[in-house]
Amino acid sequence: MCLYTSVLKNGKIDYKNSIISIDNEWISLSTSKEIYTHWNKSFKDNGIFEKHAEPYDIKHKALTYEMLDDLKEEDSGKIFNQIMEILRHNVVSDKPNAFNKLLNLFVCKIIDEDRNDTEELHFQWLDDDTDESLQMRLNDLYKKGMWRFLNINVTDYSETEINNALQSIDADESFKQTIKDMFIDTRLKKSPNFAFKEVLDEKSFKANAKIVKEIVLLLQSYKFRYRQKHQFLGDFFELLLNTSMKQETGQYFTPVPITRFIISSLPIKEMIIDKIKNNEGEILPVVIDYAAGSGHFLTEYMEQVQNILEKFGMSMTKEEIDKAVEAIDISFASPTIKNKIKTWIESEKFVWAKDYVYGIDLDDRLVKTAKVSAFFNGDGEANIIWANGLDNFKKSNEYIGKLKETQTFDKKNNGQFDILISNPPYSVEAFKSTLKNGKETFELYDNLTDNSSEIECLFVERMKQLLKVGGKAGVILPISILTNSGIHSKAREIIFKYFKVKSIVELGSGTFMKTGTNTVILFLERRPDNDYKEIERAVNKFFDDNLDVTVLGIENAFSKYVMNVYDNLSFKDYLKLINGEVIEHELYNDYSKEFGENLSNIRQLEKEKILYFILTCQQESVIIKTGKKQEEKIFLGYEFSERRGHEGLKWLSTGTKLY
């Protein structure tokens, strides 16, 4: 069937035709509704009126890259609904598996679009295709894409490789063909990469191949890889994710409003301007999410950085910049920096992500999810790595680029990143066995037992290891990190020694969909290692000479400690206490009950208390509480629905107070 329109322009006929190819399966369909439902809602645009076609012999020319249609907002909704319909009428009930296989097809589609305009695409159903020939091409694309995007070498062999291997065998052609057929059957009909349904034999292969073909026909004519962000494409992928992906133990996907709040709270614009002013080698902050999940933090971060770049008045005079509401003046930048930023704004948006954005996750499904999500958001060149976020920097086989670096004076530290944003896993039973080289990598390792579940504490230490001095962190942690004893108290020591606490946001149980655990967002700034070491030296000296000196800019630091911490205790009596004399004060009574006459224990405890007092007493921290139940909903501006057909995050009409 063909819908044809034409117009005469300048003596030439300009025509368009939308062609529907009717396949043999239509014969078994009895009503127009059944036919419409079966139809993949896609058209051929050639094959009747072109020179390569003959009367009564329709020949469709294979798709090339230049023939792909740009995806429009209305198309994304149609494609999502059609994918769901394909899964329904083919009775695919395992949605998480279906999403994973759909991801594999998107990997194929995205890598296939890396072609010149006139090159024939492999992600398409050709007129002479069989189910086997299509899936052979898809397997080749999948292997290529997994290596190109994720550095994963999928164990597989192309048809060309098999043919080359068979040529070396001294046997007749029929025997070689038998071997080749056996290989193809094994490659495609036993746990294939595109098994929406379990494939065990010829019958189940054909049932699954029908699904693969329908989805390929649905997607093949659209372009999914862009140099700029299309919000509707990101929304389309988010819809697929929320509909299909289950969250496993320790994994809780961060709602987009929370990632946006965290990233909007970081001084990204100021950090970029400082780097440009200082003419550093890096123009942008280097960011990492060490438990990237489905990539929400990274895609939101990249969008905000690109928005900042596009506010730089590259083609404006200073007078025009001063008049503009949001324009940012970087006239002080060097010509090299200006040219690079201009390229990022005008012709190669998001290409900077290859040098400045890193994401790590141990779940290969989520790594693929994050990578495909990055492409759908226009920023596919980010470094998304399938690895353990707690691996050893030097010994990891998976880490690349800046993750392979360590500091000369402390091999546990990496110190290459300006920003860390993440929602790392927590309460993962017996995770210690998953750590390679844990003892030489983490100070906290010796505090773990084989059954320990406090994985969040090691992510706190890893945060300290990754960030540069002055680096910023926005990280979600269980509230137990601030209250529990044991290894949690050791993690708190790391926070206070190595970070300034800029803000604590206490989130309620309604923030995340799949957990009732209360969490906090910590906004932190990495401080120099020497800060706490300098204080320790000063404290030790004070316990020797009792001089009330200035420490880290705090005048009379020790008497200030006594005045702020203890009621009705003079500095003179405090000196007596730490030197073993009896004083009339409840502090002396408490210590006597706890330690008796063991002066060394008293002095050691007081040294620690003074250390953390001096580290924190000059900090100004913003404390925010979202409230409970209805108060929390009003603050967040959203809630979660688990009603069938309406699952996921639902915005409230009252708006959000997050940003």
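Using heavy-atom solvent-accessible surface (probe 1.4 Å) with all chains present, what is the largest-first order of Glu632, Glu66?
Working: Glu632 10, Glu66 110 Å².
Descending order: Glu66, Glu632.
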- Bridge type composition, the chain - antiparallel percent by DSSP, nearest 5: 60 percent
- What full-extension length gain, to one decimal in nm, is calculated for Tyr4 and Ser653 as 0.36 nm per residue of separation minus the Cα-Cα distance? 229.1 nm
- Task: Taking 7 Å along the Cα-to-C-beta vector as the label spot, tell me the Ser570-Thr406 distance in nanometres, rounded to one decimal.
- Result: 5.4 nm
- On the formula 1/(1 + (r/R0)^6), with r taken between the Cβ atoms of Asp45 and Ser158 and R0 of 30 Å, the FRET efficiency rounded to 0.05 is 0.50
- Quick one: which residues, 5 or more positions from Ile624 or on another chain, have an amide H under 5 Å from its amide H? H modelled 1.01 Å from N in the peptide plane, none for Pro or chain starts. Ile504, Val505, Glu506
- Accessible surface of Arg365 in the full protein assembly, 1.4 angstrom probe, to the nearest 10 Å²? 40 Å²
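Classify the stretch 374-448: rounded, prolate or oblate, from the alpha-carbon gyration tensor (a ≥ b ≥ c, eigenvalue square roots; a/c under 1.5 rounded; otherwise prolate if a/b is larger than b/c)? Could you put the intermediate results ahead of the total?
Details: a/c = 2.06, a/b = 1.36, b/c = 1.52.
It is oblate, given that a/c is not under 1.5 and a/b is not larger than b/c.
Find the accessible area per residue for the chain; the probe is 1.4 Å, ligands and nucleic acids are left out, and the unit is Å².
With the other protein chains kept in place, the chain gives 50 Å² per residue.
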- If you rank Phe43, Phe640 by how much accessible surface each has, with a 1.4 Å probe, what is the order from largest down? Phe43, Phe640
- Query: How about the stretch 23-54: which GluC sites (Glu not before Pro) there lie in a loop by DSSP and see at most 15 other Cβ atoms within 10 Å?
  - Reply: Glu50
- Read through the labelled values [x] 18, 52, 28, 3, 0; [y] 15, 41, 30, 11, 3, 0; [z] 16, 48, 32, 4, 0 and report the label of the one computed as P(r) over Cα pairs in 20 Å bins from 0, in percent from the structure. [y]
- Query: What is the chain's relative contact order, in percent, from Cα pairs under 8 angstrom and six or more apart in sequence?
  - Reply: 10 percent
- Query: Given labels modelled 7 Å from the Cα in the Cβ direction, how far is it in nm from Lys206 to Arg148?
  - Reply: 3.4 nm
- Ranked order, Ile152, Ile476 - accessible area, probe 1.4 Å, largest first: Ile152, Ile476
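What FRET efficiency, computed as 1/(1 + (r/R0)^6) with R0 = 51 Å and r the Cβ-Cβ distance, is obtained for Ser264 and Ile169, rounded to the nearest 0.05? Don't skip to the end; give the middle numbers.
On the way: r = 63 Å, r/R0 = 1.24.
Using R0 = 51 Å, I get an efficiency of 0.20.
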- Counting only protein heavy atoms and leaving out ligands, DNA and RNA, the solvent-accessible surface of Trp386 at a 1.4 Å probe, in Å² to the nearest 10, equals 100 Å²
- Query: In square angstrom, rounded to the nearest 10, how much accessible surface does Ile455 have for a 1.4 Å probe?
  - Reply: 20 Å²
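Could you check how much of the accessible area of the stretch 335-399 is carbon and sulfur, as a whole percent, using a 1.4 Å probe?
Working: 1030 of 2330 Å².
The nonpolar share, carbon plus sulfur, comes to 44 percent.
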- Query: Within the set Lys340/Lys464; Lys275/Lys464; Lys368/Lys502; Lys572/Lys593, which residue pairs have Cα atoms separated by over 29 Å?
  - Reply: Lys340/Lys464; Lys368/Lys502
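What dipole magnitude, in Debye to the nearest 20, does the chain give about its Cα centre under +1 on Lys/Arg Cβ and -1 on Asp/Glu Cβ? Let's see the in-between values first.
On the way: 89 positive and 104 negative charges, 127 e Å.
It comes to approximately 600 debye.
The values are calculated or read from the model by the stated rules, or taken from the named source; none is laboratory data. Just so it is clear, the model here is predicted, and its values are computed rather than measured. Backbone-built Cβ (ideal geometry, glycine too); neighbour counts: all protein chains shown. Only protein heavy atoms, including side chains, enter the accessible area calculation; ligands, DNA and RNA are left aside. Shrake-Rupley method; radii C 1.70, N 1.55, O 1.52, S 1.80 Å.
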